[in-house]
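Please read the structure below before turning to the comments.
The values are calculated or read from the model by the stated rules, or taken from the named source; none is laboratory data. Every value quoted in this text rests on a predicted model; they were computed, and no experiment measured them. Glycine gets a Cβ as well: all are built from the backbone with ideal geometry, and neighbour counts include every protein chain shown. Keep in mind that these areas ignore ligands, DNA and RNA; they rest on the heavy atoms of the full protein, side chains included. Shrake-Rupley method; radii C 1.70, N 1.55, O 1.52, S 1.80 Å.
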Amino acid sequence: RRGLASRIPGDVRDYGADLGVVTYQPEDAELQSVVVYHDQLAFVVPQSHPFTKRRQVSIKDLGQEPFVAHHVSSPYRLKVIETFKKKRVDLKMPVEMPTIDAIKKFVAMGNGVALLPAITVEREVSHKELVRVQVPELAFDRKLRLIHRREGTLSHAAEALLAVVEAQTELRRGRYAFAAER
């Protein structure tokens, strides 16, 4: 089931779920986190955007761009905002939307630009619905983690999923990982 990322560790700790998927390392000592995928934030623009003719742009080039953002704050959103502040570049976010799919469609229609998890825009980029442009100052490693309780037993389904993820890591390598933290 879907849930707010900030509530997932508590749900797992309190037996509301066996496993959770988050992009940050929970502070909770009762939880074990396992990095399973290394992602990045992807800066995407519509096909009609002038940036499509450039391989990369500087964060300074983004000051006049209308960013379309997710309506729920995240650690990566805060990192982006801090980076814009540190570089003294205005960050315009006139539109916030409830889902990543809505953001992708809105940007593809020419209504702004976005920073989204790279894994979520692979299809749109390969189908040329969106264009990914590199922004070196915003190249953040985004780790996807499975979390579970340290103590107690996991369900057979959760144990099986962890085994499958670990086996897939051996087959795929690259961005896939199976690295326990703490």
Task: Single residue of the range 64-76 satisfying the filter (at pLDDT 95 or above and of a type outside the set (A, V, I, L, M)) that is surrounded by the fewest Cβ atoms within 10 Å (Cβ to Cβ) - done: PRO66
- [ ] Would you mind finding the one in LYS79, LYS128, LYS86 that is out of contact with any strand residue (DSSP E or B) (no Cβ under 7 Å at 6 or more places or on another chain) and at pLDDT below 95?
- [x] LYS79
Open item on the list: When the residues of the range 168-182 are narrowed to those that are part of a helix (DSSP H, G or I) and open to solvent by 50 Å² or more (accessible area, probe 1.4 Å), which ends up modelled with the highest pLDDT?
Closed with: GLN168
TODO: Would you please name the residue that is nearest to LYS143 (Cα to Cα), looking only at residues in the range 22-33 that are of a type in the set (A, V, I, L, M) and surrounded by 15 or more Cβ atoms within 10 Å (Cβ to Cβ)?
DONE: VAL22
- [ ] Identify all residues within the range 102-161 that are of a type in the set (A, V, I, L, M), more than 22 Å from PHE84 (Cα to Cα), open to solvent by 40 Å² or more (accessible area, probe 1.4 Å) and touching a residue at least 60 places away in the same chain (Cβ under 8 Å); write none if there are none.
- [x] ALA108, MET109, ILE119, VAL125, LEU144, ALA157, LEU161
Open item on the list: Which numbered condition in (1) open to solvent by 50 Å² or more (accessible area, probe 1.4 Å); (2) at positive phi; (3) not acidic (Asp, Glu) is the only one that GLN56 fails?
Closed with: (2)
Task: Verdict on ARG13 being under 18 Å from PHE140 (Cα atoms), open to solvent by 30 Å² or more (accessible area, probe 1.4 Å) and more than 20 Å from the chain's Cα centre (by Cα) - done: no
Open item on the list: If I ask for residues that are touching a Pro at 6+ places or on another chain (Cβ under 8 Å) and aliphatic (A, V, I, L, M), which ones from the range 12-37 would you list?
Closed with: VAL22, LEU31
Open item on the list: Which count do you get for residues in the range 34-53 that are surrounded by fewer than 14 Cβ atoms within 10 Å (Cβ to Cβ) and farther than 19 Å from ARG123 by Cβ?
Closed with: 3
